[in-house]
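Taken together, the values in this text are just the output of simple stated rules run on the coordinates, not laboratory data. As the structure is a prediction and not an experimental result, all values here were calculated from the model. Ideal geometry is used to build each Cβ from the backbone, glycine not excepted, and the neighbour counts take in all protein chains shown.
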Amino acid sequence: MRKFLFLFIFLNISLARTFVYGQPLTSNQIDSITKKTLSAFDVPGIAVAIVKDGKIIHEKGYGVRSLDNRLPVDEHTLFGIASNSKAFTTAALGMLIDQKKISWNTRVTDIIPEFKLYTPYVTENFTVRDLITHRSGLGLGAGDLMIWPDSNLYTLKDLIYNLRFLKQVSDFRTKYDYDNLLFIVAGEIVHRVSGMKWEDFIEKNIMMPLGMSESAASYSRLKNKLNVIDAHAPIDGKVQVIHRDWDEKANAAGGIYSNLVDMTKWAIMQMENGKYENGRQLFSFEVHNDMWTPQTIIPISWPNMYNTHFKSYGLGWFLSDEMGYKIATHTGGLAGIVTQVTLIPEMKLGIIVFTNQQSGAAFTSITNSIKDAYFGIKGKDRIKENVDRVSAMEKNAREVMDEVSKQIALVQNTKTGKQDMESFTGKYNDPWFGDIEITLKNNKLWMQSLKSPRLKGEMLFYKGNTFIIRWNDRSMDADCYMLFGMDFNGKPESIKMEPISPLTDFSFDFQDLNFSRIK
């Protein structure tokens, strides 16, 4: 009897987790780290919040909203949260599941009959779950040029139709490749099932109950724009305000604008398994458990800084283990704006970092410094680590770009560089991206996308049948190769493209384009 009693006590002691935390950072220490981060990564403004045990223990803005107006960032300053919007989309789907209107395994074609992907089998078996788990078989960021880099002329109808032209790169449900377009389709599921636009559903059924009164489902829907950041990016080595633009059809993938005051309410509700004030439930525990259950395996590198053994994507959240704790997190990136939300539910700890410059190293430095304190990790300078990492990556990218520029300069005045440019002019078509036009102006070749106006730039001869496009908008940092295929008479008849810099944002998916001459 005593033996079994001892065993029972031992098992309970072993299974009942005792959480021992390090010494949390004080607000003054967070102030110091954030101010160093502003300087280290040349970020104009940052907002940081920490929630612990259902309470806000830090909530503060740093720096300025814009280099143009120099107004201060505070806890009410609104940022585009970008892909952190995806968890709102999965929450909306979860609420419809609670209402028995759909399930995670409902076939997409049952709701959107015109939905079609690369094979009939995949189309027929593609579910709501598949829309939001990045395992479609499509490549990283496939088709993002229909929503990026600007508010272009593609409609939602175009986007859904053009999905069928995107190429398969892996077997269905076998590999993680981050996807934005299918989250947009998930937003359309919300629309067709609920009878409400995605934006209306999010604001009425999520933001309003949680008291997120200052937030909106997109920038255009903000009731008050007096305290909103501007986007910033380096242009020729100097951080500047850049054009704010967003494609409204992509709101379900990344359109929400919010601030610390509102997002702390969202974070607390998440760590309470869907509960919010007075014990009300936004969505069921079962639905929330589904969201935080691994769906798609993501490879990890080893060793890593937090002893992570497993990483995956759930339903709108990245999931992993760090120092023995479950982590639910997501990042978001728009041109000139990047954000991160990190939740450690066993600690009841949430960390929110918003920035108005596109350096992800900034939010990583702050978040990891805060996590270190709770994990009891000492002696790590996360800012320096990221400065060194970014410097190495930028040095490599500069070397690649400098080598290309050197080659362009060498051939510009040669006979090869002055080849018959007229033969390259004309219209070319890609099945999903549409038409581009190449024209000759002042003895220079220029390319213009007819549906994505900001994608225009000069074509410079590089070598063989390859040109380099230098986009007029230098904030994009996305110059690319342009390789022409020739017919038997030596006339250009096709084009393939590929980014040059290894730091080009993956949403510039030029490698997925395959143009044919039409005129």
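Each residue of region 59-65 in order: what ³J(HN,Hα) in whole Hz does its phi give by Karplus 6.51 cos²θ - 1.76 cosθ + 1.60, θ = phi - 60°, with x for Gly and Pro?
With coefficients 6.51, -1.76 and 1.60, one gets 7, 7, x, 9, x, 10, 5 Hz.
Starting from the amide H of Asn472, placed 1.01 Å from N in the peptide plane, find each other amide H under 5 Å away whose residue is 5 or more places distant or on another chain.
Lys456, Gly457, Glu458
Students often get this wrong: which residues of region 95-126 have the backbone nitrogen under 20 Å from the point 7 angstrom along Cα-to-C-beta of Thr174?
The answer is 117-126, whose backbone nitrogens lie closer than 20 Å to the label point.
Most exposed first by the Cβ proxy, i.e. fewest other Cβ within 10 Å, how do Trp292, Trp198, Trp104 rank?
Values: Trp292 17, Trp198 25, Trp104 20.
If I rank by nearby Cβ atoms, fewest first, I get Trp292, Trp104, Trp198.
Tell me the angle of helix 382-411 to the major Cα principal axis of the chain, expressed in degrees between 0 and 90 and rounded to the nearest ten.
Orientation of helix 382-411: about 10 degrees from the principal axis.
Can you tell me the orientation of helix 27-40 relative to the chain, as the angle in degrees between its alpha-carbon axis and the longest Cα principal axis, to the nearest 10?
Helix 27-40 sits at roughly 10 degrees to that axis.
If R0 is 35 Å, what FRET efficiency do you get for Lys35 and Glu277 from their C-beta distance, rounded to 0.05?
Working: r = 34 Å, r/R0 = 0.97.
That gives a FRET efficiency of 0.55.
Can you show me the helix-derived [θ] at 222 nm for the chain, built from DSSP H runs with n ≥ 4 at -39,500 (n - 2.57) apiece and divided by the number of residues, rounded to the nearest 500.
Numbers: 14 runs with 150 residues, N = 519.
Calculated from helices alone, the mean residue ellipticity at 222 nm is -8500 deg cm²/dmol.
Going by how many other Cβ atoms sit within 10 Å of their own, how do Ser194, Ser213 line up, fewest first?
Working: Ser194 20, Ser213 12.
With the sparsest Cβ surroundings first, the list reads Ser213, Ser194.
Where a Cα-Cα gap under 17 Å defines reach, which aspartates and glutamates qualify for Lys60, not counting those fewer than 8 residues away within the same chain?
Counting by Cα, and skipping residues close in sequence, Lys60 has these aspartates and glutamates nearby: Asp31, Asp74, Glu75, Glu214, Asp262.
Note down the nm distance, to one decimal, between modelled labels 7 Å out along Cα→Cβ at Asn489 and at Lys378.
Distance between label points: 7.9 nm.
Could you sort 271-277, 296-302 so that the peptide with the highest average Cβ count within 10 Å comes first and the rest follow in order?
On the way: 271-277: 17.9, 296-302: 12.4.
Averaged packing, sorted descending, gives the order 271-277, 296-302.
Report the far tail of the P(r) of the chain, meaning the percent of Cα-Cα pairs longer than 44 Å. Please report the intermediate quantities before stating the final value.
On the way: 25210 of 134421 pairs.
Pairs farther apart than 44 Å: 19 percent.
Which entries of Lys36/Lys371; Lys427/Lys456; Lys204/Lys275; Lys157/Lys456; Lys86/Lys197; Lys456/Lys496 have Cα-Cα distances beyond 19 Å here? Working shown, then result.
On the way: Lys36/Lys371 17 Å; Lys427/Lys456 14 Å; Lys204/Lys275 17 Å; Lys157/Lys456 24 Å; Lys86/Lys197 16 Å; Lys456/Lys496 16 Å.
Violating the 19 Å limit, Cα to Cα: Lys157/Lys456.
Please work out the FRET efficiency for the pair His309 and Asp435, using the Cβ-Cβ distance as r and a Förster radius of 45 Å; give the result to the nearest 0.05.
Working: r = 48 Å, r/R0 = 1.08.
Calculated value: 0.40.
How many percent of all Cα-Cα pairs in region 398-517 sit more than 23 Å apart? Please list the in-between numbers first.
Working: 1797 of 7140 pairs.
So the pairs more than 23 Å apart make up 25 percent of the total in region 398-517.
Using only Cα atoms, tell me the angle between helix 260-271 and the longest principal axis of the chain; keep it within 0 to 90° and round to the nearest 10.
Helix 260-271 and the main axis of the chain meet at about 60 degrees.
Taking the beta-carbon count within 10 Å as an exposure proxy, list Thr89, Thr367, Thr119 from fewest neighbours to most. Kindly include the intermediate steps, with their values, before the conclusion.
Values: Thr89 28, Thr367 20, Thr119 13.
Ordered by Cβ neighbours within 10 Å, fewest first: Thr119, Thr367, Thr89.
Report the label-to-label distance for Asn442 and Glu114 in nanometres (one decimal), using points 7 Å from each Cα along the Cα→Cβ vector.
It works out to 4.3 nm between the two label points.
What full-extension length gain, to one decimal in nm, is calculated for Phe165 and Asn125 as 0.36 nm per residue of separation minus the Cα-Cα distance?
On the way: separation 40, 0.36 × 40 = 14.40 nm, distance 1.77 nm.
Gain on stretching Phe165 to Asn125: 12.6 nm.
Quick check on packing: order 436-443, 78-85, 205-212 by the mean number of other C-beta atoms within 10 Å, highest mean leading.
Working: 436-443: 13.5, 78-85: 26.5, 205-212: 17.5.
The most tightly packed comes first, giving 78-85, 205-212, 436-443.
Any idea what the relative contact order of the chain is, in percent, if you count C-alpha pairs under 8 Å spaced at least 6 apart? Intermediate values should be presented prior to the final figure.
Values: 1058 pairs, mean separation 90.5, N = 519.
Relative contact order of the chain: 17 percent.
State the extension gain, in nm to one decimal, for the chain segment bounded by Asp98 and Leu503, taking 0.36 nm per residue of separation less the distance between their alpha-carbons. All intermediate terms of the calculation are to be shown ahead of the outcome.
Numbers: separation 405, 0.36 × 405 = 145.80 nm, distance 4.16 nm.
Here the segment from Asp98 to Leu503 would lengthen by 141.6 nm.
If I model a spin label at Asn224 and Lys427 as a point 7 Å from the Cα along the Cα→Cβ vector, what separation in nanometres do I get?
Placing both labels 7 Å beyond Cα along the Cβ direction yields 4.9 nm.
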